[in-house]
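Below is one structure, written out as structure tokens, with a few remarks after it.
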Amino acid sequence: MYKTMSCGEPRIEHVGESVTLAGWVNRRRDHGGVTFFDLRDREGVVQVVANPEISDESHKKAMDIRQEWVVQVVGTVRQRPEGMENPNLPTGEVEVEVNELAVLNPARTPPFLINEETEVDETVRLKYRYLDLRRERLQRNLELRHKVVKYIRDFLSERGFWEVETPILFKTTPEGARDYLVPSRVHPGEFYALPQSPQQLKQLLMVAGVEKYFQIARCFRDEDQRGDRQPEFTQLDLEMSFVVREDVMVLAEDLFTSMVETIMPEKEVLAKPWPRLTYQEAMDRFGKDNPDLRYGMEIHDLTDLVGECGFKVFEQEVEDGGFVRGINAKGSGSFSRREIDELTEFVKEYGAKGLAYLVVDKGGEHRSPIVKFLDQETVQSIIERLEGEPGDLLLIVAGQPEIVYESLGRLREHLGERLDLIDPDTLAFCWIFDFPYVLWNEDEQRWDPSHHLFTAPLPEDIHLLDTDPGSARGQQYDMVLNGNEVGGGSIRIHERSLQEKAFKLIGLEDEVARERFGHMLEAFEYGTPPHGGIAPGIDRLCMIFAGEPNIREVIAFPKNQAARDVMASAPSVVEGGQLNELHIEVINVPEDDSDIVKTE
Ligand code: ASP
């Protein structure tokens, strides 16, 4: 047996016991003829003492060992001498005196410190991911992720869900990205597509009478590597038959609220039940459809107050169909001119032409470049609408709706951070629903699904698909947490005729639709129950739960931001012979693949 207990376990009640421990050398120091080292494994760290008077041979070996060597210790637990306890260590009251020491494997000096959370270049961390994962931060994240997935499995199994695996080699299952294709050797010239999600398959499981399905599902999307994305990621994929929106939302809400309360009691779910906002309400109050509800600073509309206020800039925007809206950065009236200029530059990045401000003054001497253009009454009504009090900084943007939404939404988030309004231990879940069913794609001159091809429109809006598609709403719901969309779902279409109508609306000709999705259309003719589901993203949820800045920190072996695995050097060039078998020839490779992250 390599160990009788883990390195994190020895406590005062074990004093006098003989134990066998094994792990990695965390730190070593010589002191007064005696050698000390901290031995670490997954569960923690314990101090080990090698005393030549107890075992000369072990002491000699202990003088040789270095950080990250793998060793085994047979020794006796003893109380540390008075004054030598380490209150920061759970095992800090005791130490283990070595009787026998075995080196199981020496180690090269690691490229970065394993025993300290020092800043290390991410490329180096990714190249030596097996060492990075040995560090405490990522070990904690892996453990948390395990607990999240286990909680999901237990919770759903108790409620009668079956976990069903669906194929990875399949046919295009679009979610708005490009497909990853896999060439078939046995069918030259033909390709499988990796699923962007198991969407069609889970719906077919409903046709199959499974009724309650889930899967911890890998999804593959070949997207440009903007922001925090991975080519493959994991969803809790879930589908239920004979349900309406409410059923799916309540189930997901129960699952995640009880999960937080059970495995993360230090976190607080801000509102129970989760707030529900229509898409329009979210846009109007927060400027985005994935709002962070951990703080207020809501956006208020001022358009009706300034349409004829005499101030040209505002009047013109209103005349052109734009909005004038503002937020109140409470208590920020002491911002300097330079600080306000920085905020102006910030909103300009999102298309705003400028940022008007007004610092509320008790005596009416407001600091503001715009008050001189406005009458007293308008100024007063703006202050009232934004609930301005002396010392508040009111910030106002005028422009076309998209620009006002985006710039004020971003400004609100920027100030939320800057003014320290965000409690990292608070989890503000909410639901967004009543999304537009389709969105106009100006480049392609066609309607795109705002969710995906299989989402059903609201029954009362079906007639609009023929007359005014842009006003129809879909039966979609998004799960939002702390300003991130963490899952989307919907009630699906389950009738062939409506599905065909939806395909047509988004420009899929009958023939193409039949060729790509004929199996779905056909299945809908064999008694398909009404059904719906959702797919929360495990990576993003774990990222937020762990308080990490990006999803790579909660994925064991992530790709870098150029979609490469820099540890194994993937993707990589394959031999000609392999390509011949696949009837594939590589052509037109650009010479400059500058995003390649060199691994040596
Ligand atoms: N398949 C959808 C997605 O990946 C989720 C769903 O509708 O259940 O976003």
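The values are calculated or read from the model by the stated rules, or taken from the named source; none is laboratory data. Just so we're clear, the structure is a prediction, and the values are computed from it rather than from any experiment. Quick reminder, even Gly has a Cβ in these numbers, built from the backbone with ideal geometry, and neighbours come from all protein chains shown. Accessible surface areas use protein heavy atoms only, side chains included; no ligands, DNA or RNA. Shrake-Rupley method; radii C 1.70, N 1.55, O 1.52, S 1.80 Å.
Sub-9 Å Cβ pairs linking a first residue in region 376-389 that is open to solvent by 40 Å² or more (accessible area, probe 1.4 Å) to a second residue that is assigned to a helix (DSSP H, G or I), at least 6 apart or interchain, are Arg385/Leu305; Glu389/Ile383, ordered by first then second residue. Filtered by the rule that a residue be aliphatic (A, V, I, L, M), in a loop (DSSP other than H, G, I, E, B) and either under 20 Å from the mean Cα position of the chain (by Cα) or loosely packed, with under 15 Cβ neighbours inside 10 Å (or both), region 172-197 gives Ala177, Val186.
Per-residue answers, yes or no, for (1) more than 14 Å from the ligand (Cβ to nearest atom); (2) among the hydrophobic types (A, V, I, L, M, F, W, C); (3) free of Cβ contacts under 8 Å to residues at least 40 places away in the same chain; (4) closer than 24 Å to Gly537 by Cα:
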position: Arg185; (1), (2), (3), (4): yes, no, no, no
position: Pro188; (1), (2), (3), (4): yes, no, no, no
position: Pro195; (1), (2), (3), (4): no, no, yes, yes
position: Val207; (1), (2), (3), (4): yes, yes, no, no
position: Phe214; (1), (2), (3), (4): no, yes, no, yes
position: Phe220; (1), (2), (3), (4): no, yes, no, yes
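Within region 474-511, the set of residues being in contact (Cβ under 8 Å) with a residue 12 or more places away in the chain, more than 16 Å from the ligand (Cβ to nearest atom) and open to solvent by 40 Å² or more (accessible area, probe 1.4 Å) comprises Glu495, Arg496, Glu500, Lys501, Gly507. Each residue in region 68-96 was checked for being part of a strand (DSSP E or B) and in contact with an Asp or Glu (Cβ under 7 Å, 6 or more places away or on another chain), and 6 pass.
Given the criteria within 30 Å of Lys267 (Cβ to Cβ), more than 16 Å from the ligand (Cβ to nearest atom) and of a type in the set (A, V, I, L, M), does Ala556 qualify? Answer is yes for this residue. Within the option set Gly8, Gly16, Gly23, being outside any helix (DSSP H, G or I), more than 19 Å from Ala102 (Cβ to Cβ) and within 37 Å of the chain's Cα centre (by Cα) holds for one residue only, Gly8.
Residue-by-condition table, conditions (1) open to solvent by 20 Å² or more (accessible area, probe 1.4 Å); (2) over 18 Å from the mean Cα position of the chain (by Cα); (3) within 12 Å of the ligand (Cβ to nearest atom):
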site	(1), (2), (3)
Asp224	yes, no, no
Gln230	no, no, no
Phe233	yes, no, yes
Ser258	yes, yes, no
Glu261	yes, yes, no
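If you go through region 433-461 and pick out every residue that is aliphatic (A, V, I, L, M), more than 14 Å from the ligand (Cβ to nearest atom) and open to solvent by less than 60 Å² (accessible area, probe 1.4 Å), you end up with 2.
Contact map, region 321-334: first residue part of a loop (DSSP other than H, G, I, E, B), second residue open to solvent by 20 Å² or more (accessible area, probe 1.4 Å) and modelled with pLDDT of 95 or more, Cβ cut-off under 6 Å, separation 6 or more or different chains; pairs are Gly322/Gln400; Gly331/Gly391; Gly333/Gly391. Filtering Leu201, Leu169 for residues that are exposed (fewer than 15 other Cβ atoms within 10 Å of the Cβ) and aliphatic (A, V, I, L, M) leaves a single hit, Leu169.
Only residues that are of a type in the set (Ser, Thr, Tyr) and surrounded by 16 or more Cβ atoms within 10 Å (Cβ to Cβ): list them for region 60-111, please. Working first, answer last.
Step one: filter region 60-111 for residues of a type in the set (Ser, Thr, Tyr), giving 76, 91, 109.
Within region 60-111, Thr76, Thr91 qualify.
Here Leu251 meets the list (1) outside any strand (DSSP E or B); (2) more than 18 Å from the chain's Cα centre (by Cα); (3) away from the ligand (no atom under 16 Å from the Cβ) almost entirely, failing just condition (3).
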